[in-house]
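Step one of this worksheet: look at the structure below.
The values are calculated or read from the model by the stated rules, or taken from the named source; none is laboratory data. In this text the structure is predicted, and so the values were computed from the model without any measurement. Every residue, glycine among them, receives a Cβ derived from its backbone with ideal geometry; neighbour counts consider all protein chains shown. These area figures cover heavy atoms from the full protein model, side chains too; ligands, DNA and RNA do not enter into them. Shrake-Rupley method; radii C 1.70, N 1.55, O 1.52, S 1.80 Å.
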Amino acid sequence: MMELKRSGLWVVPLLLVPHLLVAAHFGNRLVEYPDQGAYLSAAENILAGKGLSLSFDALGGFVKKGEPTSYYGLGAPLFLAPQIAVFGQNYFVLRLGNILLFAFSLLFFRGICLLWIRERWANAAMIVMGLSPFYIAFNQLFLSEMPFLFCELGTFFFLFSYLKRGARKDLILSSIFIGLSLLVRTNLLLFLPVIATVIGFNKKWPHALMYLGIAILVVAPYCIRNSINSGAFFPFDGKAALNIWQFNSDVHQGGFWSENFEQAPQMPNLDGLTEKGRSDVLMSIAVKWIRQHPIRFLRFAAMKAVRFLSPLPQKAANFKYAVLLTPYSAMIVFGFLLGLPAFWSREPKSILVLLLFLYTLTIEMIFMAATRHRLLYDPFFLLVTINGIACGVPFLAQRQLIRPRVATS
């Protein structure tokens with residue numbers, strides 16, 4: 001008990017109290033929000049033996065009713081399906097599943113922070129993340145963000161532990177987690193070779209190949225399934241094709257600050273095509289438009305970057321939450337920018353975090369402007385922010401120099 005008190009882990013159950021109170025407030029009611037109906041439908045179809053499919057047409061017919069789909073990914077429906085099988089579609093219980101997953105995410109995040117900052121600051125970062133109004137809100141919804149956050153933080157916790165200690169078990173666990181993250185969302189797909197390269201240069205190239213091999217083994221059954229259903233090698237989904245077409249077609253009106261990204265062009269004729277075929281059609285339209293309008297594309301990308309980093313709610317319906325969302329968002333965005341000099345080093349783990357941020361920002365600028373996607377990267381904003389505070393305030397920095405950090409595995 002004394003060790004638990006000293007470590008600060010006793011705070012974790014307290015951090016979950018606001019999440020539980022909001023979940024109790026909603027009870028067994030479904031909070032309306034886009035996409036979650038698709039994940040719940042996919043989970044029900046898995047339990048019914050229909051495979052990964054939806055019970056309705058979605059996204060203007062891009063996802064067809066009853067047809068095998070990979071657009072919404074296997075991970076989130078697979079996380080929801082066992083809970084529904086055991087407890088039924090009780091939304092309160094499903095929210096408890098999200099909250100429990102978030103608790104493990106907090107522990108992973110704290111472990112990552114301990115590699116850079118002292119324990120008290122790691123606990124402070126964990127507390128800020130645990131009380132984030134964004135996470136409290138999205139733990140009440142049934143989307144892919146919470147499962148992906150868990151897999152993402154697990155990936156980097158074990159990866160950074162491996163880079164520090166060289167333990168093979170950490171390498172194996174990290175590769176399993178990144179494979180699971182790819183089943184949920186493909187955000188880390190292009191980051192996978194970056195991780196393997198860092199492992200190869202800083203440890204052993206056979207370990208890098210093993211990392212890639214295990215990750216591929218985790219996703220291989222899903223890739224084979226999608227290839228069979230789509231009639232071509234189609235490893236994950238058509239999100240990139242649909243988003244780049246929808247948000248970069250020449251249909252938007254308004255100035256830089258008033259662009260409406262929710263206005264979509266007319267869906268082309270997709271009858272008789274597989275999901276892969278539909279993806280190819282939309283991607284070809286999008287790429288053609290980008291080649292013809294490179295300046296407009298850069299303008300759209302710049303505006304999406306502004307929206308991605310903006311601390312202000314993007315929708316009029318969310319303005320009433322601005323008093324909660326804006327201070328938190330402003331703190332981590334500006335804290336990240338101010339904390340970068342203190343965070344930067346030549347250590348591989350630091351480079352990885354910075355590359356993750358830059359890669360993510362680029363992807364968000366190109367494909368999507370949804371503020372909710374920043375939930376997946378707020379932990380890294382927080383890490384850089386808290387590290388900057390610990391190192392940037394003279395009195396605190398002096399105390400850190402006087403009392404050297406004790407390495408914690």
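Could you list, in sequence order, the residues of region 166-195 that are assigned to a helix (DSSP H, G or I), touching a residue at least 40 places away in the same chain (Cβ under 8 Å) and either among the charged types (D, E, K, R) or open to solvent by 30 Å² or more (accessible area, probe 1.4 Å) (or both)?
I172, I176, L180, V194
Restricting the search to region 47-65, which residues are within 24 Å of A220 (Cα to Cα) and part of a helix (DSSP H, G or I)?
L47
In region 292-329, what count of residues is obtained for those that are without any contact (Cβ under 8 Å) to a residue 12 or more places away in the chain and among the charged types (D, E, K, R)?
Within region 292-329, residues that are without any contact (Cβ under 8 Å) to a residue 12 or more places away in the chain and among the charged types (D, E, K, R) number 2.
Name the pairs: first residue in region 121-150 and without any contact (Cβ under 8 Å) to a residue 24 or more places away in the chain and under 25 Å from Q89 (Cα atoms), second residue open to solvent by 10 Å² or more (accessible area, probe 1.4 Å) and among the basic types (K, R), Cβ to Cβ under 8 Å, at least 6 apart or on different chains?
none
Out of the residues in region 292-348 that are more than 24 Å from F138 (Cβ to Cβ) and of a type in the set (G, A, S), state the one that is surrounded by the most Cβ atoms within 10 Å (Cβ to Cβ).
G339
Just to check your reading of the model, which residue among G27, G8, G37 is in contact with an Asp or Glu (Cβ under 9 Å, 6 or more places away or on another chain) and either within 15 Å of F138 (Cα to Cα) or at pLDDT below 95 (or both)?
None of the other options fit; the residue is G8.
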